Amino acid sequence: MKARRPDHHRDFESRRREKVVTTWRSLGEPDVGGEELRRIQQVLADDSVASPGVNSPAAIARILADEGAQLRHPEIIEFDAAWREAEIHREAAKLDGLDELLSESPMGLQEAESLIKGLEKMRVRSARAGDKESEIQVRTLAIEAREAAVSSSRNRVVDESVRAEQAELASWLGIWLQTPELFQQWLELRKSSPDFKQIFG
C-alpha cells in the first residue's frame, strides 16, 4: 500500500504551486526560460512557501508546463544545471569546518565536542527545512568520523592517552547518532562521572 503524504505537505505543495502560477501570470504569462524562472524563484524565496521545499528550476517549469506555459527547454536545462551546481557548493559550505572530524590527526575531546555541537546545529536546521539530503550528509559525516575514531583507538602506534581519547570520541559519536536530541544532557553527565574524571582529569 502506498504511504500517504501528510496533509501539511500537500498544503505546502498546493500553496507553492499557486504562488508559482500566480507569479507567472503577473509577469504576463511569458514563454518560460532562465530569466522567468529566476524571477519566480526570487518570489518563492521571499515568501514562506520557499520552506521547507526545494524550488528547483525544473520543478517550477513542470508546474508551469501543466498550466500551458511554453518552455524554452535548452535555456531551462542550462539554468537548472547551473542552479544545481550552486546548490552543491552551498551544501559543501554548510559542512565547512566539520570535515575536521575526518582529519588524519586525532583531535582532542574539547575540539570534538565543539564539532559535534556543529553537527547537531546542522541536523536541526536541515530537519526544520525538510532538507533530507543535508540530514543524510551530516549523519554520514558522523558515521565516518566515528569509524575513524574507532580505528585510531585501536592503533597501537599512537600514545595510550590518545587512544583513550579516540575511544571516548567514538562513544560520543555513537550516542549522538542514536539519540542526537539527548546528546548534550548525556555528555554533561558523562563528563561529571568519576570514571571520566579519572581517565581525562
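The values are calculated or read from the model by the stated rules, or taken from the named source; none is laboratory data. A quick note: this is a predicted structure, and the numbers were derived from the prediction, not measured. We place every Cβ from the backbone using ideal geometry, glycine too, and count neighbours over all the protein chains shown.
For the range 1-37, filtered to residues that are aliphatic (A, V, I, L, M), outside any helix (DSSP H, G or I) and closer than 20 Å to SER56 by Cβ, the residue that is modelled with the highest pLDDT is VAL32.
Being assigned to a helix (DSSP H, G or I) and in contact (Cβ under 8 Å) with a residue 60 or more places away in the chain is the filter; apply it to the range 120-166 and report the residue that is nearest to THR179 (Cα to Cα). Looking at the filtered set, the residue picked out is GLU120. Among residues of the range 73-87 that are free of Cβ contacts under 8 Å to residues at least 40 places away in the same chain and over 11 Å from LEU37 (Cβ atoms), none has a Cβ under 7 angstrom from a residue that is loosely packed, with under 12 Cβ neighbours inside 10 Å and of a type in the set (A, V, I, L, M) at a sequence gap of 6+ or on a separate chain. Filtering the range 144-164 to residues that are closer than 14 Å to LEU115 by Cβ and either at pLDDT 95 or above or surrounded by fewer than 16 Cβ atoms within 10 Å (Cβ to Cβ) (or both) leaves only GLU144. Does the range 103-122 include one or more residues that are at positive phi, at pLDDT below 90 and either of a type in the set (Gly, Ala, Ser) or not assigned by TED's automatic domain parsing to the domain that holds THR179 (or both)? Taking every residue of the range 103-122 in turn, none turns out to be at positive phi, at pLDDT below 90 and either of a type in the set (Gly, Ala, Ser) or not assigned by TED's automatic domain parsing to the domain that holds THR179 (or both).
Residues that are under 20 Å from the mean Cα position of the chain (by Cα) and of a type in the set (A, V, I, L, M, F, W, C) were ranked within the range 174-191; the one that is surrounded by the fewest Cβ atoms within 10 Å (Cβ to Cβ) is LEU182.
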